[in-house]
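What follows is one structure encoded as structure tokens, with my remarks underneath.
The values are calculated or read from the model by the stated rules, or taken from the named source; none is laboratory data. Because the structure is a prediction, the values reported are computed rather than measured. So basically every Cβ, Gly included, is an ideal-geometry build from the backbone, and we count neighbours across all protein chains shown.
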């Protein structure tokens, strides 16, 4: 039977690249220290159709060439890619967006969802979304969308407000300011001790989506391929965004597409070719190491300053965290020493321990934590 989410009336997505994306889209969420180019490419190979970068600080990106070089070298290598910024000033956001456009970004996103302590201290992310700051948020978006110099789409990522009607009002305000797409994490900012308790509210996401005219991405409650299909059906959204489950299984969306292919083919006498499912996660971990090695060879050949993250972590630390997520989530235990040694050789470079964002208090994020800082 054809899944009902495939027959939904989807809205057109923004033009993020020369080849138009067709909904539903399967989206890699912005994750601090977890959206390195090798991982982005691994997800793309295995079903992800749209990818966000990790959160970048708009002011630093706008003003510091070394910061931009650490993020992308001399140009963005993978597409379509949305560059996410934390900003609380319209001028900073516009300047950062223009620099991202020069580097080849397919879109930019305003982070209005990060609930972390550093966001509260520096007043960005979810800590910029109290009602008294809504006009500032709209001004940041409008400053980009009204600029004749910026030709790429501007989107926003938000969380739920304390009341559903407030969330709808805020989303409408961002739409009116020119946001081309909205991603919604179906939980509130909340207290750190409880903000991840309970399921994401997919019904609230549905209500916001129905009130808007722009495409919406659903974020939350994804633990397996069937959860992705359930989110599409329940929210009516034009796509699903995932963070933690992709860290455990970068082939998540490929498995979703395989299931969709089986469902569609079962209704036809002459079925189109069904895409093969991604390989087991353990095999994906080896593929990730190969991508790390290829990344290092390229940046060394180009004498590029590009790194896995602009936050305080070595390339090897980021890679090991990915391997730990993949291998422990599938019962393979800790990262074997021989794999750890390969990662060290493949990723440790002259850049040392990296760049710490000057304006992001507490930028030295915790390497030991398994829970991802998804914005």
Next item on the list: Give the residues of region 287-335 that are part of a loop (DSSP other than H, G, I, E, B), within 15 Å of residue 71 (Cβ to Cβ) and modelled with pLDDT under 95, sorted by residue number.
Entry: 312, 313
Next item on the list: Mind telling me which of the residues 155, 146 ends up being farther than 30 Å from residue 250 by Cα and either surrounded by 15 or more Cβ atoms within 10 Å (Cβ to Cβ) or touching a residue at least 12 places away in the same chain (Cβ under 8 Å) (or both)?
Entry: 146
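Rundown of residues vs (1) closer than 26 Å to residue 299 by Cβ; (2) crowded, with 19+ Cβ neighbours inside 10 Å; (3) out of contact with any strand residue (DSSP E or B) (no Cβ under 8 Å at 6 or more places or on another chain), yes/no style:
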residue	(1), (2), (3)
82	yes, yes, no
87	no, yes, no
97	yes, yes, no
112	no, yes, no
127	no, yes, yes
135	no, no, yes
160	no, yes, no
Next item on the list: Being closer than 15 Å to residue 327 by Cα and part of a helix (DSSP H, G or I) is the filter here, so list the residues in region 245-262 that pass it.
Entry: 245, 246, 247, 248, 252
